[in-house]
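To start, the structure itself, in structure tokens.
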Amino acid sequence: MGIKDPPNAPLLLLLLLLLLLLYFPTPLYASSNPTPPPLPILPIPSSSQLRWQLGEMALFIHFGPNTFTDSEWGSGFAEPSVFNPSDLDAYQWARAAAAGGFARVVITAKHHDGFCLWPSSYTNYSVRSSPWKEGQGDVVAELAAAAKKFGIGMGVYLSPWDRHDSSYGKTVEYNEHYLGQMRELLTGYGDIQEVWLDGAKGEGEKDMDYLFECWFSLIHQLQPQAVIFSDAGPDSRWVGDEAGVASSTCWSLFNRSSVTIGHTDDQYSGRGDPHGRDWVPAECDVSIRPGWFWHKSERPKSAVTLLDIYYKSVGRNCLLILNVPPNSSGLIADEDLQVLQDFTTLRSTIFSQNLAQDATITASSVRGGLGDPRFDPSNVLQEGIYTYWAPDESQSEWIIFLDLGQPASFNVLQIQEPIQMGQRVVEFHVDILIDGEWKTMIRGTTIGYKRLLRLQMVEAQSLRFFIDGSRADPLISFIGIFMDPFSIKYDLPDGNKTSSSNSRQIIMIPTHNHSGNMSIATM
């Protein structure tokens, strides 16, 4: 006859469990307290700056009397009657922008000539005085409606320099005039995502004291999510050239107090400042044609040239703003549309297949130890910046290892940081495993939102990404490996210069021996 459990056995077990919880709480609860994310390292971007950077590209629209007078900088005295596009179609502009992957469109609402593409109440020098639509037209309104329809953002350029208005040169009077026009643009056309202004002004023109800080405050008051571009920010800065090319070292960190709008240090603007106190990422402006306005005698750049610019702008932690000027009919020319379409096809062909997507990823350490998916190295295979690998604290080295499973040929690397946590990486290098030995393939400085590195063709199965210097424990959100069959340029092994090659042969590391023949490097 077996021994029966006492009738109150379940109650006794419950009491025993409660006693264990009372006297031994730490072992039972330790696993439920996960390691928190690392501290962000300041400065960090605002929500509007994040949206701006994630957009990667914007389409610039230069359009106005200059389009009809074959000019770049209008005198301010062209008759309003010259502005009379026969087939203006803002929906064509916005459609082209959306199809090309541009996140927003920015229009020259007023260029240096002072002519306004909307019927401003503060001047008669506008579309109201033109024969276009019998003076009842509004280009800004048409583009804003088109941008909304195609799901892209809207931006405006309002030139500080005004060659037409008689108040220019009078501090209070002109600043009031300018802010009156700015208020019209920011309150009459819905959500404005970017406000573009610069310090351009011809030699010998009237002196003018722009009250920039007053302007910036009003813009942010009326459009809190708008990014303001100028030589010195406050939200995005000029990269220092009009070729669309950033420095190979490019920090989003910047000291606004070190720059005066209209008087820039191109090197400082291009590189940024690893010790900067402000988050002011760079914007790369370039035109698809030689000029900013449409000219019948000019032809657009090729799609391959735009691809090279993309690598040197978006691929260097910047935003690319590409100007595509409508012609005198009010349409983007067919040849320009074809280049945009080809440019889109090139990018899609290259970046649609990540050769590392099924790779096995390991790392030198993981924050909080193995098993925490929030900081696992496998996160670098997920596109975007909101998941990332984080190493454990106080480590002597930071390495991510990639095993592709089988040898693969590639010539493009993409690396990203979770910039919402700050820009961290100072320098890095990438190695590949050849015959059991690690060989350095390329070295680079700064990553930021996105770094794209072009290589001579490489075949490898195992890679390691080695971070050599960082402002804090590094965080990596994405690593991609791609094949670009179109580019004939590549970054040299030090990552700071670009070379050209017409060769498509598979080699390991590009170098030259004393006879001038290509050989395998043993760096």
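Only Cα pairs under 8 Å and at least 6 apart count here; give the relative contact order of the chain as a rounded whole percent. If you can, show how the numbers build up before the last one.
Working: 1141 pairs, mean separation 68.4, N = 523.
Relative contact order comes out at 13 percent.
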Practice problem: Kindly express, to the nearest 10 degrees and within the range 0 to 90, the angle between helix 139-149's C-alpha long axis and the longest C-alpha principal axis of the chain. | Solution: 30 degrees
Self-check item: Solvent accessible area, Å² - K170, 1.4 Å probe, full protein context
Solution: 100 Å²
Practice problem: In vacuum, with every alpha carbon of the range 169-216 counted as one equal point scatterer, what does the Debye formula give for log10 I(q)/I(0) at q = 0.23 Å⁻¹? Two decimals, please. | Solution: -0.96
Quiz item: S46 label point, 7 Å along Cα→Cβ, cut-off 11 Å on backbone N: hits in the range 207-228?
Solution: 216-228
Exercise. Report the local net charge at F212: Lys and Arg +1, Asp and Glu -1, summed over other residues whose C-beta lies under 12 Å from its C-beta.
Key: -3
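Restricting to Cα pairs below 8 Å that are 6+ residues apart, what does the relative contact order work out to for the range 176-324? Please round to a whole percent.
On the way: 243 pairs, mean separation 32.6, N = 149.
For the range 176-324, the relative contact order is 22 percent.
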Practice problem: List the residues whose amide H sits under 5 Å from the amide H of V286, counting only those 5 or more places along or on another chain, with H placed 1.01 Å from N in the peptide plane. | Solution: I321, N323
Quiz item: In what sequence, highest mean first, do 317-326, 72-81 appear when ranked by Cβ atoms within 10 angstrom?
Solution: 317-326, 72-81
Practice problem: Determine the calculated [θ] at 222 nm for the chain from helices alone, applying -39500 (n - 2.57) to every DSSP H run no shorter than 4 residues and normalising by the residue count; nearest 500 deg cm²/dmol. | Solution: -6500 deg cm²/dmol
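Taking every DSSP beta bridge that has both residues in the chain, what percent is antiparallel when rounded to the nearest 5? Kindly include the intermediate steps, with their values, before the conclusion.
On the way: 49 of 79 bridges.
Bridges in the chain are about 60 percent antiparallel.
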Quiz item: Taking the Cα centre of the range 216-331 as the origin and placing charges on Cβ (Lys, Arg +1; Asp, Glu -1), which of A303, N323, S248 is farthest toward the positive end of the dipole?
Solution: A303
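Arrange the residues S396, S126 by how much accessible surface each exposes, largest first, with a 1.4 angstrom probe. The partial results should precede the final answer.
Values: S396 120, S126 0 Å².
Descending accessible area places them as S396, S126.
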Practice problem: For the range 340-466, build the charge dipole from Cβ charges (+1 Lys, Arg; -1 Asp, Glu) around the Cα centre, then report which of L381, V425, S348 sits farthest towards its positive end. | Solution: S348
Practice problem: Could you point to the residue in S230, I219, Y189 farthest towards the positive end of the range 180-230's charge dipole, with +1 and -1 charges on the Cβ of Lys/Arg and Asp/Glu respectively? | Solution: Y189
Quiz item: Taking all pairs of different Cα atoms in the range 416-487, averaging 1/r and flipping that mean, what Kirkwood radius in angstroms comes out?
Solution: 13.3 Å
Quiz prompt | Cα extents of the range 253-332 along the three principal axes, largest first (Å) | solution = 47, 27, 18
Quiz item: the chain: percent of C-alpha pairs farther apart than 44 Å?
Solution: 27 percent
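For every other residue with a beta carbon closer than 9 angstrom to the beta carbon of D392, add +1 if it is Lys or Arg and -1 if Asp or Glu, then tell me the sum.
Numbers: positive: R367; negative: E393, D473.
Taking every Cβ under 9 Å from that of D392, the sum is -1.
Can you tell me the dipole magnitude for the chain around its Cα centre, using point charges on the Cβ only (Lys, Arg +1; Asp, Glu -1), in Debye to the nearest 20? Could the numbers behind the result be given before it?
On the way: 38 positive and 59 negative charges, 165 e Å.
The calculation lands at about 800 debye.
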Practice problem: First select every other residue whose beta carbon is under 13 angstrom from the beta carbon of A94; then total the charges, Lys and Arg +1, Asp and Glu -1. | Solution: +2
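The values are calculated or read from the model by the stated rules, or taken from the named source; none is laboratory data. On a predicted model such as this, the values are computed, not experimentally measured, just so you know. A quick note on method: Cβ atoms are made from the backbone with ideal geometry, for glycine too, and the neighbour counts reach across all protein chains shown. SASA here: full protein model, heavy atoms, side chains in, ligands and nucleic acids out. Shrake-Rupley method; radii C 1.70, N 1.55, O 1.52, S 1.80 Å.
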